[in-house]
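Novice: The structure under discussion is supplied below as structure tokens; questions concerning it will follow.
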Amino acid sequence: MSLDGSYDAGNIFAKILRGEMPAVKVYEDEHVLAFMDVFPQAKGHTLVIPKQSSARNFLEEAPDVIGPLMLGVQRVARAVRAALNPDGLVITQFNGAPAGQTVFHLHFHIIPRWEGVPLGRHAQGMADMDELKVLAAEISAKVG
Ligand code: AMP
């Protein structure tokens, strides 16, 4: 899907928001939901999505959603750091399939990085759900 198109309310993250699909949740407030990526590129790979949104990507998002969303991204990124003590953190976001986007509800990736540990492949290799739940609890405990 290119940058042009319309929001599909049947996308997987919309289903998670409606409670129609499970997610390993890390944090939520009235503006954002954070949950573990089930195909993590690194241990602790977390996604943050806006709740009140029908934007496929960052370019489409309503200005009043951006502020609370970015605060949520920062809050969760700080919790990931506090819980997992990575050497670095990638915070990223893809717009359009040619840019690497595979789910078309706006979302930010928070990916911890450790020296010498290569980044896993994007959206490949499903995680162990029990391990994800442990990580989510560790991160959740550190949300300020
Ligand atoms: P993107 O390619 O930027 O659209 O990222 C979508 C991300 O969602 C990928 O990293 C996938 O691993 C992840 N993903 C896909 N389905 C699910 C799901 N049901 N629960 C959690 N993460 C998912």
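Any read-out appearing in this document is the output of simple, stated calculations on the displayed coordinates, not a laboratory observation. Just so you know, these numbers come straight off a predicted model, no measurement behind them. As a convention, Cβ positions derive from the backbone with ideal geometry for all residues, glycine included, and neighbour counts pool all protein chains shown.
Novice: For Gln101, what residues show an amide H to amide H distance below 5 Å, using hydrogens built from the backbone and excluding near sequence neighbours?
Specialist: Hits under the 5 Å cutoff: Asn95, Gly96.
Novice: Another question about this same structure. Gain in length, Ala9 to Arg78, computed as 0.36 nm per residue apart minus the alpha-carbon separation, to one decimal in nm? Don't jump to the answer; show the numbers that get you there.
Specialist: On the way: separation 69, 0.36 × 69 = 24.84 nm, distance 3.03 nm.
Fully extending the segment from Ala9 to Arg78 adds 21.8 nm.
Novice: Same structure, new question: What shape does region 12-140 have by the C-alpha gyration tensor, where a ≥ b ≥ c are the square roots of the eigenvalues, rounded means a/c under 1.5, and otherwise prolate means a/b greater than b/c and oblate the rest? Display every interim value, and only then the final one.
Specialist: Details: a/c = 1.42, a/b = 1.34, b/c = 1.05.
Rounded.
Novice: Could you please report the charge total around Pro50, scoring K, R as +1 and D, E as -1 over all other residues with beta-carbon less than 13 angstrom from its beta-carbon?
Specialist: Within the 13 Å Cβ shell, the charges total -4.
Novice: Among Asp130, Asp37, which comes first, second and so on when ranked by fewest other beta-carbon atoms within 10 Å?
Specialist: Numbers: Asp130 9, Asp37 21.
Least crowded to most crowded, the residues run Asp130, Asp37.
Novice: Counting only other residues whose beta carbon sits under 9 Å from that of Phe35, what net charge do I get with K and R as +1, D and E as -1?
Specialist: Overall, the nearby charge balance is -1.
Novice: Then there's this: Please check: in the Gaussian network model of the chain (C-alpha springs, under 10 Å), which one of Leu59, Leu47, Leu84 has the largest mean-square fluctuation.
Specialist: Leu59
Novice: Got a sec? How would Glu61, Glu30 order by Cβ neighbour count within 10 Å, fewest to most?
Specialist: Details: Glu61 16, Glu30 7.
Listing Glu61, Glu30 from fewest to most nearby Cβ atoms yields Glu30, Glu61.
Novice: Here is a further query. Return the single residue from Ala123, Ala55, Ala23 with maximal mean-square fluctuation; model: Gaussian network over the chain, springs between Cα atoms under 10 Å.
Specialist: Ala123
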